[in-house]
Amino acid sequence: MLNKQIDQLPETVQEVLKVASVAGMQFTTAMVASGAEAETGLIDDALTWAASKSYFLQAQGIESWPDSTVSGAYQFGHALYRQVLYDRLSAEQCVKWHRLMAERLERAYIDDVEPVVGLLAYHFVQGRDVPRALQYLHRASLKALGRYAANESIAHLNAALELLPALPSEQNRVQMEYDLQVTLGKAIISRRGVRVPEALAAYERAYQLGVAIGDVEQLFPTLVGLENIACIQAKFQQSQHLGGQLLNYAQMTGNPLHLAHAYGALSLNHSMQGHILVANHYAQVCQRLPTTCGAIPLTPSTRFSFVSAGMP
């Protein structure tokens, strides 16, 4: 029935609506024009006609972009309308139009893409631009995690990890997977807690990749995550060993915050094992570090929150 109703629309309106179905349930004239590679005025005329003469579209006022683009905003009247139109497209058309729209949106928000990282991730994935799809999926996952939407963050990260093998060989797959696994570990812990095996697996994989990269500054937070998991799971010998590694790395970097965290980890570990004198020694060393590091938390839960928030 919907296909018959679409066929009754003017041919120009049909073509514009098909491009609009690629843009999404909500879209702007500028997005559709970028996909159609047509003048904005022609697209706006077709969308205005469709919104006033049919129930396929609803006008949603005006939308402005940071690059000073101002265009009409629209919404499909029902998800099924969009789907029927989208199903009329070839795979090649979909890929091309998704990529053109993503590139146009990226240019519009070039100075600050954060408001549209999710939309950019979607269009670059569908447009099969793997490097930029991975970049924006990761950024979208971090944004979701920042507003405590752990499930959404995990979904973005899993999509990115599935896409990773398609990354061109000249791109740094190791670095990309490292970034994804670290964020995945944080997201899983935020959603399900420290004791789930998936969190440990993500951090262990990240640690392997970090060792291969060889950047101690970058590797340190990953080792912190592993030490926290071991400590909270009461695996004190493992936690103590990892705390020793943390101290070695902190001494290599010379970063006072790294040193404070390493000494704090060792102090907590020994105190939980009943080694009070050793624990007190590490705590005193920690307190003698620069005052900017004096607020290092020494309880398992607060220590892990500190790391998950993103330690330098």
Lone unmet requirement of (1) in contact (Cβ under 8 Å) with a residue 24 or more places away in the chain; (2) in contact with a Phe, Trp or Tyr (Cβ under 9 Å, 6 or more places away or on another chain); (3) closer than 29 Å to PRO290 by Cβ for LEU247 = (1)
query = Taking the stretch 38-74 as the search range and keeping residues that are closer than 22 Å to GLU106 by Cα and β-branched (Val, Ile, Thr), which one is modelled with the lowest pLDDT?
reply = THR40
inquiry  = If I ask for residues that are under 21 Å from ASP7 (Cβ atoms), open to solvent by 80 Å² or more (accessible area, probe 1.4 Å) and touching a helix residue (DSSP H, G or I) at 6+ places or on another chain (Cβ under 9 Å), which ones from the stretch 70-85 would you list?
reply    = LEU80, GLN83
ask   = If we scan the stretch 151-162, do we find a residue that is open to solvent by less than 40 Å² (accessible area, probe 1.4 Å) and not in a helix (DSSP H, G or I)?
value = no
inquiry  = Is it the case, given these coordinates, that GLY244 is open to solvent by less than 50 Å² (accessible area, probe 1.4 Å) and over 24 Å from MET176 (Cα atoms)?
reply    = yes
message = Condition check: farther than 20 Å from PHE27 by Cβ, in contact (Cβ under 8 Å) with a residue 12 or more places away in the chain and touching a helix residue (DSSP H, G or I) at 6+ places or on another chain (Cβ under 7 Å). Does ARG88 satisfy that?
response = no
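Among the candidates VAL211, VAL196, VAL224, VAL216, single out the residue that is closer than 24 Å to VAL174 by Cβ and within 22 Å of the chain's Cα centre (by Cα).
Exactly one residue qualifies, and that residue is VAL224.
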Candidate set from the stretch 15-39 (those that are crowded, with 18+ Cβ neighbours inside 10 Å, polar (S, T, N, Q) and free of Cβ contacts under 8 Å to residues at least 60 places away in the same chain); member that is nearest to LEU80 (Cα to Cα) = THR28
request  = Out of the residues in the stretch 1-14 that are in contact (Cβ under 8 Å) with a residue 24 or more places away in the chain and in a loop (DSSP other than H, G, I, E, B), state the one that is most open to solvent (accessible area, probe 1.4 Å).
outcome  = PRO10
Extreme residue, least open to solvent (accessible area, probe 1.4 Å), among residues of the stretch 40-69 that are closer than 21 Å to ARG99 by Cα and among the β-branched types (Val, Ile, Thr) = ILE43
Enumeration of residues in the stretch 195-228 that are without any contact (Cβ under 8 Å) to a residue 60 or more places away in the chain, in a helix (DSSP H, G or I) and among the β-branched types (Val, Ile, Thr) = VAL211, ILE213, VAL216, THR222
message = I'm trying to understand the selection: among the residues of the stretch 84-141, which are of a type in the set (Lys, Arg) and over 18 Å from ALA33 (Cα atoms)?
response = ARG88, ARG128, ARG132, ARG139
ask   = Going through the stretch 219-240 one residue at a time, which ones are exposed (fewer than 15 other Cβ atoms within 10 Å of the Cβ) and not charged (D, E, K, R)?
value = GLN233, ALA234, GLN237
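Quick check, is ALA262 under 22 Å from SER190 (Cα atoms) and either at pLDDT 90 or above or touching a strand residue (DSSP E or B) at 6+ places or on another chain (Cβ under 7 Å) (or both)?
Spelling it out, it is not the case that ALA262 is under 22 Å from SER190 (Cα atoms) and either at pLDDT 90 or above or touching a strand residue (DSSP E or B) at 6+ places or on another chain (Cβ under 7 Å) (or both).
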Matching residues in the stretch 247-269 - criterion: being buried (at least 22 other Cβ atoms within 10 Å of the Cβ) and either touching a His at 6+ places or on another chain (Cβ under 6 Å) or not aliphatic (A, V, I, L, M) (or both) = ALA250, HIS258, HIS261, TYR263, GLY264, SER267, ASN269
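The values are calculated or read from the model by the stated rules, or taken from the named source; none is laboratory data. Predicted model only: the values in this text are computed from it and were never measured. Positions of Cβ are backbone-derived with ideal geometry, glycine not excepted, and every protein chain shown enters the neighbour counts. Just so you know, the surface numbers come from the protein's heavy atoms only, side chains and all, with ligands and any DNA or RNA stripped out. Shrake-Rupley method; radii C 1.70, N 1.55, O 1.52, S 1.80 Å.
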